[in-house]
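Throughout, read-outs are computed from the coordinates displayed, never taken from laboratory work. Note that the structure is predicted; figures quoted are calculated from it, not measured. We place every Cβ from the backbone using ideal geometry, glycine too, and count neighbours over all the protein chains shown.
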Amino acid sequence: MDSKRPDRRRFLKGGAALAGGLTLGAVEPVVGQLPGPEGFIKGTDELIAYGERSRFVDSVRIAHPPGSRPSPDEFGLVFHVAAPLQDSVGVITPSSLHFVGTTRGSFMPDIDPRKHRLMIHGMVDRPLTFTMEELKRLPSVTRTHFIECAGNSSRSDRRTAQETHGMTSCAEWTGVPLSVLLEEAGVKDGAPWIVCEGTEEVKGSSSIPMAKAMEDCLVAYGMNGEDLRPQQGFPLRLMVPGFEGIFHTKYLRRIKVVDRYYMTYNDYGHLTQDPDTAALGYQIGPKSLITFPSGGQELPGRGFYEISGLAWSGGGAISRVEVSTDGGRSWSDAEIKGSANRMAHTRFGFSWNWDGQETELQSRCTDELGQVQPSRAQVAEFFEVPLGPSFRVPGRDNSIQPWRVASDGSVHNAIS
Amino acid sequence: MRFLKLLPVLILMLMANSALAQSPTYGVGRTPSAEEIRAWDISISPTGEELPPGSGTPEEGALVYQRKRCGGCHGPEGEGGRADRLVKRDGGSEADPWAWGRVLPIRAPYATVVWDYINRGMPLNREGTLTADEVYALTAYLLYINDVIGEDGVLDAQSLPQVEMPNRNTFARVPDWEPGMPRLQGYPY
């Protein structure tokens, strides 16, 4: 509430100035009355039915990566779209701003939920198909989880938090635990894998270990308090908390219980020769990002700022976030805001008085498994490879993002 | 002795338990027919067990490639188009197939992956319109132009899974995932 005070004072002053400038007899409120708004929004049937944000709020998604394939393209195909994390508050990404990834540029499937079916078959006692109505009859859970695209990796030529990290988002998901459906079908002993498949044009499918399927996967129909959006797999998607984005099968239509790793096209797409890279490219590592101040933003001057950011890990809940305001020389604990949910974006804050000198801001997090977010230098040292501009963190890049605050208050990506 | 007395009870309890585990809890959902499952199930195992009848040769595949205008996106001979390259790059070492680029018909560890992807995902915007024979033929053509099979190779449900792809044994397996597992043992990050 305190933050509102300067605004109110300014309004009061402005109101007084305005009143003073008017001719006598004008029907303006006298000093001492509460100031009114500057304008009004006329109610429309559309706004009553489904609201929209203020015209003064202009945070938008962008095609990703910058300068590459456009979304939409000239035909209306959509490829990758990044979320404006630099504008984010709290941990929920609004559905309209959630990042979008597609396995290849495609049209969004326009699925009639009354016709949609989910089939579970393969190594089960009873193959089953479910309508959406039937799925919604089953016991549901609601959980907050992030999804992060495998390619969400910062580089020196990316300027903003959206460009460096915008292919992650976090939402509240509602659906049926996959274990409930698999138990309903009765998984045969020794079935180690499932293959999950979508309804879109390429029917993208991935192999997922049975241990993960039974642990915490979710067949989700709800997102942020309403039905899934088409861009997120309406009417049904699989949530595979903490695994890289491609496993979160959209437009889910089929789950086949199988006796081996099926090497689907999606699985093939992530093949590597190196076992360490394969392991590090499966479950998302501990990762954090300062969203304010971040690249492209400007600090108006020295003084107090709450540094704000997001931390997440595929290994579980975030247990600690540290912030450095001196380029990684010293670290202090940040405050975790609210509860740190497992495999979910976690908001952190850190009180900072900027002295107006050039400096570098960094954040790093630790998860419940004790995994610590590394700097690029630490990863290079671990693998005994030189740290140069061409160095790529093996597997999914979870390295620390440094932001340089220049003495004029401008903020820049400090990866060299 | 006491244990022996209790044994029948224990056995009965175990039986009751397993009977419970085997019966559905909610009884929601419908049993699909075998025909329905066959129509929906387009997954192809590396063993090829789901492959349908049919066959194709590289020569037939070259004709299908022309007739279906695959070259419009992939280039007349699998390169130079807007879509993914389909023929390995020159200059890669014979000993290291990974140097040939991310080209499906050469990097895929099993020929079934090539068959499966053409079948489920091609041609763009007309997915699912190819016959099984056409998919076998296209797979044979792509494996032929990548020197995986010979000109006289015939692919069908039996021969396709037997094709020795160069990467069959050179890719890294994903870890056996378990709850609470760090990404990589001994890696602090």
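Annotations for the structure displayed:
- Sequence-distant residues sharing a close amide H with A:Arg396 (under 5 Å, placed H): A:Gly281, A:Tyr282
- Shape category assigned to chain A from the gyration tensor of Cα positions, a/c cut at 1.5: oblate
- Largest GNM mean-square fluctuation across B:Gly81, B:Gly56, B:Gly48, computed for chain B with C-alpha springs under 10 Å, falls on B:Gly81.
- Applying the Karplus relation 6.51 cos²θ - 1.76 cosθ + 1.60 with θ = phi - 60° to region B:121-137 yields 3J(HN,Hα) values of x, 10, x, 3, 6, 10, 4, x, 9, 6, 7, 4, 4, 5, 5, 4, 5 Hz, where x marks Gly and Pro.
- Highest to lowest packing among A:295-303, B:127-135, A:283-291, scored as the average C-beta count within 10 Å: A:283-291, B:127-135, A:295-303
- Relative packing of peptides A:158-165, A:310-317, A:116-123 - highest average C-beta neighbours within 10 Å first: A:310-317, A:158-165, A:116-123
- Other protein chain C-beta atoms within 10 Å of residue C-beta, averaged over A:121-134: 4.
- Charge context of A:Met223, other residues only, Cβ under 13 angstrom, K/R +1, D/E -1: +1
- Dividing the summed helix terms, -39500 (n - 2.57) for each DSSP H run of n ≥ 4, by the number of residues in chain A produces a 222 nm estimate of -4000 deg cm²/dmol to the nearest 500.
- Prolate/oblate/rounded call for region B:53-162, Cα gyration tensor, a/c under 1.5 rounded: oblate
- Between A:Glu335 and A:Phe56, the distance separating the two model label sites (each 7 Å from Cα on the Cα→Cβ line) works out to 2.6 nm.
- At most 13 other Cβ within 10 Å, DSSP loop - chymotrypsin sites (Phe, Trp or Tyr not before Pro), region A:40-129: A:Phe40, A:Tyr50, A:Phe56, A:Phe75
- The ranking of A:Ser410, A:Ser319 from fewest to most other beta carbons within 10 Å of each one's beta carbon is A:Ser410, A:Ser319.
- Counting DSSP beta bridges with both ends in the protein assembly as shown, the antiparallel % (nearest 5): 95 percent
- Shielding by partners - mean other protein chain Cβ count within 10 Å, residues of B:108-120: 4
- Calculated from backbone phi, Karplus (6.51, -1.76, 1.60) coupling profile of region A:386-395 in Hz, x at Gly/Pro: x, 8, x, x, 8, 5, 10, 5, x, x
- Difference of contour (0.36 nm per residue) and Cα-Cα distance, A:Glu46 to A:Phe304: 88.7 nm
- In order through region A:372-383: 3J(HN,Hα) via Karplus (6.51 cos²θ - 1.76 cosθ + 1.60), integer Hz, x for Gly, Pro: 10, 5, x, 7, 4, 5, 5, 5, 4, 5, 4, 8
- Sorting B:29-37, A:369-377, A:385-393 by their mean Cβ neighbour count within 10 Å, with the most densely packed peptide first, gives A:369-377, B:29-37, A:385-393.
- Other protein chain C-beta atoms within 10 Å of residue C-beta, averaged over A:366-372: 2.
- Extension gain (nm, one decimal) between B:Asp133 and B:Glu36, 0.36 nm per residue minus Cα-Cα: 32.7 nm
- FRET efficiency, A:Ser68 to A:Asp110 (Cβ-Cβ, R0 22 Å, nearest 0.05): 0.25
- Prolate/oblate/rounded label for region A:287-413 (Cα gyration tensor, a/c 1.5): oblate
- Cα centroid of region A:350-416 to Cα centroid of region B:102-121, whole Å: 38 Å
- Interchain or long-range residues, amide H under 5 Å from A:Val258's placed H: A:Met123, A:Trp193, A:Ile194, A:Val195
- A straight Cα-to-Cα reach below 19 Å connects A:Lys136 with the aspartates and glutamates A:Asp112, A:Glu172, A:Glu183, A:Glu184, A:Asp216, A:Glu226, A:Asp227, residues fewer than 8 places away in its own chain not being considered.
- Nonlocal amide H pairs with A:Lys337, under 5 Å, H built at 1.01 Å: A:Arg347, A:Phe348, A:Gly349
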